[in-house]
Amino acid sequence: MELRNKYLEGSVYGFIHFSVEVATFYFIFSRINAHPLYWAMALLFDAVAFIPQGVFGMITDRFPKINVGVIGTLLMLAAFPIKNDMFALILLASGNAMIHVSGAQHTLRDTDGKIAPNAIFVGAGSFGVITGQLLGGRSAPELLALPLLLMTVSGVVMFLIHENNRRIDKKATFEVAADKSMEFIVLCSLIGVMVRSYTAYAIPTEWNKTVPQTVALFVCMGIGKSLGGILCDQVGFRSVTYLSLLGGLPFLLAGNSHMVLSLIGIALFSMTMPVTVAVLTSVFPKQPGFAFGITTFGLFLGVAPAFFVRPTTLLAHQIGVVILTAVALPAVRLCIKGGK
């Protein structure tokens, strides 16, 4: 099964990403959420799921015939019957990381320089996160059949796509990065990713007190990432960077107790995701898996401090957001070549 249409490819892998996060967060909220060291287990999951993606990416860049998506599916399915929570969580997170790399490989290679497929793939995960949380939090064991079914279908789809995709060894064709050193581009991109990641976890949302409000938050995150990719292809990466960081800033600052303002800010701030992915893939066109892994490493570096340090007052948060945005905007902007 070879997917020629770019939006179809992004949507199919979006379904796979949705399924992966449904299974992941069903597991976490049905088995780990009540753990006395939940925060440590959650940090462990993030470390195992985010950090190794660069390594898995390098392996698949070098050996593209390895179907890491199917391997990841088998690891995730194997985690559910294991009684030891920590061992099961490590298996789950490892499988999660592998499937992310598989999706990145297929949505970044030979997509005619379009970032929308990858953005749709990534954005769909937010819908899976909240769905998995809701299912896992209901303490209904019979609901386990749904994430297992979704994972099984996703594994079959990844097998069919990978086995029949002649483009998996093609290099990516993005031309977004500025004419600067590789080290400079990687560092500046990491700064942008870290700021987005920390802000997403540490942002205070006093309005977020009901299930519909939590759903709205994750939906806006997903929409922002997907829409950011579509707009990058239409109006340019620089324009989306300004719209995301400058446009989202006032809404984040005023949104603590105002849901609509906060949701607008969250959606806008999320739009930088496809920008940094495209920039790094431009630098590593033959290693899109590794390039994508750099962004997930940045996600972990950004989220890890949120487990230990968060603003204690609204003013401290607002000052922090302004400072972080002031750092992220020039960092991301300097990564992008001239033009739109």
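The values are calculated or read from the model by the stated rules, or taken from the named source; none is laboratory data. Note that the structure is a prediction, hence the values are computed from the model and not measured. Positions of Cβ are generated from backbone atoms using ideal geometry, with glycine treated the same way; all protein chains shown enter the neighbour counts.
Numbers for the structure displayed
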| read-out | value |
| --- | --- |
| Condition met for Pro305 (under 16 Å from Tyr198 (Cβ atoms) and in a helix (DSSP H, G or I)) | yes |
| Where a residue in the range 61-88 is within 15 Å of His100 (Cα to Cα) and its partner, wherever it lies, is assigned to a loop (DSSP other than H, G, I, E, B), with Cβ under 6 Å and at least six apart | Asp61/Gln287; Pro64/Ile168; Pro64/Asp169 |
| Residue list for the range 160-219, filter: in contact with a Ser or Thr (Cβ under 7 Å, 6 or more places away or on another chain) and not in a helix (DSSP H, G or I) | Ala172, Phe174, Glu175, Val176, Ala177, Thr205, Glu206, Trp207, Asn208 |
| Meets criteria (of a type in the set (Phe, Trp, Tyr), more than 21 Å from Thr107 (Cβ to Cβ) and free of Cβ contacts under 8 Å to residues at least 24 places away in the same chain) for Phe269 | no |
| Selection from the range 93-120 of residues that are assigned to a helix (DSSP H, G or I) and among the polar types (S, T, N, Q) | Ser94, Asn96, Ser102, Gln105, Thr107, Asn118 |
| Residue match in the range 86-95 (condition: closer than 22 Å to Gly228 by Cβ and either at pLDDT 95 or above or not aliphatic (A, V, I, L, M) (or both)) | no |
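Residues are listed down the side, and each one gets a yes or a no for (1) touching a Leu at 6+ places or on another chain (Cβ under 7 Å); (2) more than 14 Å from Ile161 (Cβ to Cβ):
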{"position": "Val55", "(1), (2)": "no, yes"}
{"position": "Met58", "(1), (2)": "no, yes"}
{"position": "Phe63", "(1), (2)": "no, yes"}
{"position": "Gly69", "(1), (2)": "no, no"}
{"position": "Met76", "(1), (2)": "yes, yes"}
{"position": "Pro81", "(1), (2)": "no, yes"}
{"position": "Asp112", "(1), (2)": "no, yes"}
